[in-house]
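Okay, structure first, notes after.
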Amino acid sequence: MLIGIDVGGTYTDGVLFSDGAVVHSVKSPTDETDLKATLLLVLDELLAHGIRDEVHRVVLGTTLITNLLATGQGERTALLLMPGSGLPYGSYRICPETYFLKGGIDFRGREIDPPDKKEIELVLREVDRAGILRVAVAGKFSHRNDSHEKFVRERIGELYPAMEVCLSNEVSGRLNFPRRAVTCYYTAMTMREWNRFADGIEAAIRDRIPSCEVHILKADGGTTTLEGSRKRPCETVFSGPAASTMGAMALSRETLNSVVVDMGGTTSDICLLIDGRPLNASKGATIEGRLTHVSSFAVHSIALGGDSSLRMEDGSLRVGPLRLGPAVCFGGDTPTVTDAFNVLMDLNLGDIKASRTKIEALAAEAGQSVEALCLAVADRVTSTLKDAIRRMFTEWEDEPAYKVWEVVNKRKFVLHRVIGIGAAAPAIIPLLSRELGVDYFLHPYSPVANALGAAVSRPTLAMEVHVDTQKRTYSGAPGGFSGPVKERDYQVHDAVKLARMLLAELSRQRRLSVYSEDAQVYLEEQFNMIRGMGLAGKLFDVGIQITPGFIEEFKGVDL
Amino acid sequence: MKPTGVLFFPAFDWAISPTHPEREERLLYTRDQLFEEGIMDMDEISEYHPRLASFKEVSRTHFCVPSVDTRVTQAHLVSAGSALVMADAFMKGEVKNAFAIIRPPGHHAMTVSHGNRGFCDINNEAVMVEYLRQTYGVRRIAIVDTDVHHGDGTQEIFWHDPDVLFISFHQDGRTLYPGSGFDDELGGPLAFGTTINIPLAPRTTDTGIHYVLDNLVLPLLDEFKPEVVINSAGQDNHYSDPLSNMSFTAQGYAALTTRLKPDIAVLEGGYSVETALPYINMGIIMALAGIDYSNLREPDYDPARFKETADNMRYLRALVDQQLAVFRQREEVVEKNRRKGEEFASIKRSVFYDTDYLREEQREELRICPRCAGFRRITSAATQRTGQRYTVFCVSLPRACCESCAEEARDSYEEMKDRPAFDYVYLQDRILDEFRTFDTKAEVESLL
């Protein structure tokens, strides 16, 4: 038996899944001030419908980190940057308490300027005086050489052992210093709160189901163990859209090009599946308006959902963006998008008479027939969604390309299907798919797809390795792995082997070892370094990952 | 404020040969530097996706022998197409200026292309110029070539075009490939003075180059009043470049860009892949975007390292004065050339393709038209690497030519189609935007 719980902004959904069927599902309002209580409430209701000892996996998706950051509740954190030469320091407006340190590393991981011990001590004294207890340290090219970041951590350890330190190379191994710094900063800022939450959740679940695995859903559609999340809490942001996309995949199980539209109450999230695989955000998740190195699905969110209100304003119809309570058919006061579809398509959702009364009143105000008004609403909704979907296609097609073959074989998105998720989906998706000229897919479990998606998603993990045979070194991240390589006759398959080994090591540390053998290579670059007329060495960049997918025991959903 | 457009196309899967300077590794460290800096994420920058240039877009500038598809690699088409993407972004007003950081380069490719010269098959900037004219009706354009090698291809293409001001500064041709670009190369009889060369002594520093910029290049641009300024942004004047002997720095390049204010910069050469390119490319982007670049420097940068010599400054002052004077009397010279009353001006030349190791023999004729800048007829022959020898006849009509030149040019093409001496006869009709190739063996005409 599997349990998936997805905490959303408005509602928390949960499912109990067993032998290909949803045994029970729960929808409960989210108490933003006490997420733990919300989770446990849903968990207990699910457990009441299952056999406690048979539940062996619980996956949670939570908005805790998003909330902490959005509401400014993260702990005050100092950011120590070592940018070396390049952009002016003024361009790093990441946080109010940013300090700059000497020290420079170049793209090959060679030291250009050493760090200055005196300067570090002076800065730390200032940080300490300001009463700041958390420090994020980020150096340019630190993922190619972490010695400067480590040096700073050692000084902190000696002088201020109470300070919590987070190093950027342990958070991400990808190029892009500002994003690495932001990710490191957010990690340092939320780590303790996350751990407190994790402690509480872990204890509560252990108490109820002692031998159960507890996983957290991440923005990339994979899970990590509760233990694994403790070092990188930022990975748990935006699990909502990830859950619904994984849910859509779990229900449809197809290798088509699809667009997943998750129609919520207030907003709709759109994701693309390319050959059945979810599209990742090329720039990483944007948290609080800042780009990060947190891998995430490419999600386009629009302020339009089933509960978006319908009003006349200055003689014209307004659709959304406000939500003024639920649809009239479900007991609300203001007519909504759902009500309009209910009337237009005779859907018999809730109290359809109530929908009709309010829509008729609105039509009278607009001086239109009921049908004309409903058609206008439908038209607005589908065209807004259509525009957003088209924009996503184009963005994907127009991603930068760095190889000739990528340009010659320019990708083109041909849509095969629309997959509808969420409560309002049955009303809107058929119309949208007609507009787009493709089929649609709706499933009786569509309304609980996100919780189901969480329940059956498998762990994901990625590792990037950079090998420099001239310097005879390698660095692997996340995790801050580095070491020597044998110079002679090193080949790309050696680099892949090394990456596999490091990934296995990282998954062992995070207790995810089962899936590391399925890891796929997603990046394989090799460059000859020619100096003079001869080969001076080779550079390899290898990326390997356990991609999003389903746990082994999940074989599909029965009806 | 509008962003700066950047199109980064490192062609990570293309090289002339594994150990050639024009190889996969060339923009690798630039990639590392740009992406680690996160510059593409900044509001000041907008990143663009490359595209392939079409055969027709190439044919507006070149006669590829025997045809575009057999002559040009896909890498070259992507590189030229990338320049066109930047031209669109600039002309549509999406960006305030743009930088195509692309490979392979193009400024040694001439009108007729039998192969690869100086790592170039087709000329990215020249293809862009004809695109700007055809698509946006731009007429007057300036190209400032800041590569250490003379932009001989670009010079040859616009030699007879009075609407393109081509300015090239470079290491003296007596000391460096391609061995041209002397101060007396000033343009054809009807376009005299719109080609300006500034041969520089080896080891010229930031000071010397900035002197030329401020006292010659900027005044020339001021007087010529181009609608678009293009920078052939070669980066091999750098002190660490392995193929040349100059003393320019990344700071020097950035300051040059700030003052030159090019609308569209297109990367040309630069083969110090590790110690120069990452810093210069970054510096040029920052300068274009108006970002302070005082914190950008090469690891071994030392402003006191190179001092300009008094001798060199004397030479530069004299050269600058001379070239300014030449430019200012250009219209008189053109008038005088017209009055000579010749029907055609002709020259013979021999062009060596160093990369492909072949030699082209060429005869070019310019119609000395009393009303316009005339049209060109070119007879060219070369034995390609495959052993195949092609003798071709090319007719080129500029967009800005008069009706009688257009008619005469089209007649020349028709006339030559019956001559068995030529394998192919080409017509580059820019007025109709039609590009014809006649295969005399098969007696088949194709049209782009």
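The values are calculated or read from the model by the stated rules, or taken from the named source; none is laboratory data. Fair warning: this is a prediction, and the values are worked out from it, not measured in the lab. For neighbour counting, all protein chains shown are included, and Cβ atoms are generated from backbone atoms with ideal geometry for every residue, glycine included.
Some observations on this one:
- Matching residues, the stretch A:547-559, being out of contact with any Gly (no Cβ under 7 Å at 6 or more places or on another chain) and among the β-branched types (Val, Ile, Thr): A:547, A:551
- When restricted to residues that are in contact with a helix residue (DSSP H, G or I) (Cβ under 6 Å, 6 or more places away or on another chain) and part of a strand (DSSP E or B), the stretch A:247-270 contains 6.
Yes/no matrix, rows are residues, columns are (1) without any contact (Cβ under 8 Å) to a residue 24 or more places away in the chain; (2) under 22 Å from residue B:73 (Cα atoms); (3) in contact with a Phe, Trp or Tyr (Cβ under 6 Å, 6 or more places away or on another chain); (4) not hydrophobic (A, V, I, L, M, F, W, C):
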residue	(1), (2), (3), (4)
B:360	no, yes, no, yes
B:369	no, no, no, no
B:376	no, no, no, yes
B:381	yes, yes, no, no
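- Filter result for residue A:449 (at pLDDT 90 or above and more than 14 Å from chain B (Cβ to nearest Cβ)): yes
- Residue selected from the stretch A:277-321 under the condition assigned to a loop (DSSP other than H, G, I, E, B), touching a Gly at 6+ places or on another chain (Cβ under 9 Å) and within 14 Å of another protein chain (Cβ to nearest Cβ), by the criterion surrounded by the fewest Cβ atoms within 10 Å (Cβ to Cβ): A:293
- Taking the stretch A:152-191 as the range and being more than 14 Å from chain B (Cβ to nearest Cβ) and in contact with a Lys or Arg (Cβ under 8 Å, 6 or more places away or on another chain) as the test, the residues that pass are A:155, A:163, A:164, A:165, A:166, A:167, A:170, A:171, A:187, A:188, A:189, A:191.
- Counting only helices (runs of 4 or more DSSP H) that sit wholly inside the stretch A:399-483, those with at least 3 residues that are within 30 Å of residue A:500 (Cα to Cα) and touching a residue at least 60 places away in the same chain (Cβ under 8 Å) are A:449-456.
- Of the helices (runs of 4 or more DSSP H) that lie entirely inside the stretch B:178-292, those containing 2 or more residues that are under 28 Å from residue B:374 (Cβ atoms) and touching a residue at least 60 places away in the same chain (Cβ under 8 Å) span B:218-224.
- The residue of the stretch A:497-552 that is farthest from the other protein chains (Cβ to nearest Cβ), among those that are polar (S, T, N, Q) and in a helix (DSSP H, G or I), is A:513.
- Among the residues making up the stretch B:17-49, a single one is free of Cβ contacts under 8 Å to residues at least 24 places away in the same chain, out of contact with any helix residue (DSSP H, G or I) (no Cβ under 7 Å at 6 or more places or on another chain) and of a type in the set (Gly, Ala, Ser): B:17.
- Test result for residue A:380, in contact (Cβ under 8 Å) with a residue 24 or more places away in the chain and either away from every other protein chain (no Cβ under 14 Å) or touching a His at 6+ places or on another chain (Cβ under 7 Å) (or both): yes
- Scan the stretch A:358-376 for residues that are surrounded by fewer than 18 Cβ atoms within 10 Å (Cβ to Cβ) and touching a Pro at 6+ places or on another chain (Cβ under 9 Å) and the total you get is 1.
- Among residues of the stretch A:85-113 being within 9 Å of chain B (Cβ to nearest Cβ) and in contact with a strand residue (DSSP E or B) (Cβ under 7 Å, 6 or more places away or on another chain), the one that is nearest to residue B:250 (Cα to Cα) is A:85.
- Looking only at the stretch A:509-559, and only at residues there that are basic (Lys, Arg) and over 27 Å from residue A:247 (Cα atoms), the one that is surrounded by the most Cβ atoms within 10 Å (Cβ to Cβ): A:538
- Scan of the stretch B:300-317 for residues that are in contact (Cβ under 8 Å) with a residue 24 or more places away in the chain and within 14 Å of chain A (Cβ to nearest Cβ), ordered by number: B:300, B:301, B:303
- Selection count, the stretch B:1-43, where residues are among the charged types (D, E, K, R) and within 9 Å of chain A (Cβ to nearest Cβ): 9
- Residues that are charged (D, E, K, R) and assigned to a loop (DSSP other than H, G, I, E, B) do not occur anywhere in the stretch A:117-139.
Listed here are the residues, each with its yes/no results for (1) farther than 14 Å from residue A:208 by Cα; (2) without any contact (Cβ under 8 Å) to a residue 60 or more places away in the chain.
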site: A:2; (1), (2): yes, no
site: A:12; (1), (2): yes, yes
site: A:18; (1), (2): yes, yes
site: A:22; (1), (2): yes, no
site: A:38; (1), (2): yes, yes
site: A:41; (1), (2): no, yes
site: A:45; (1), (2): no, yes
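- Residue check, residue B:15 farther than 22 Å from residue B:272 by Cβ and within 24 Å of the chain's Cα centre (by Cα): no
- Positions within the stretch B:166-187 being more than 18 Å from residue B:268 (Cα to Cα) and either crowded, with 24+ Cβ neighbours inside 10 Å or among the small types (Gly, Ala, Ser) (or both), in sequence order: B:187
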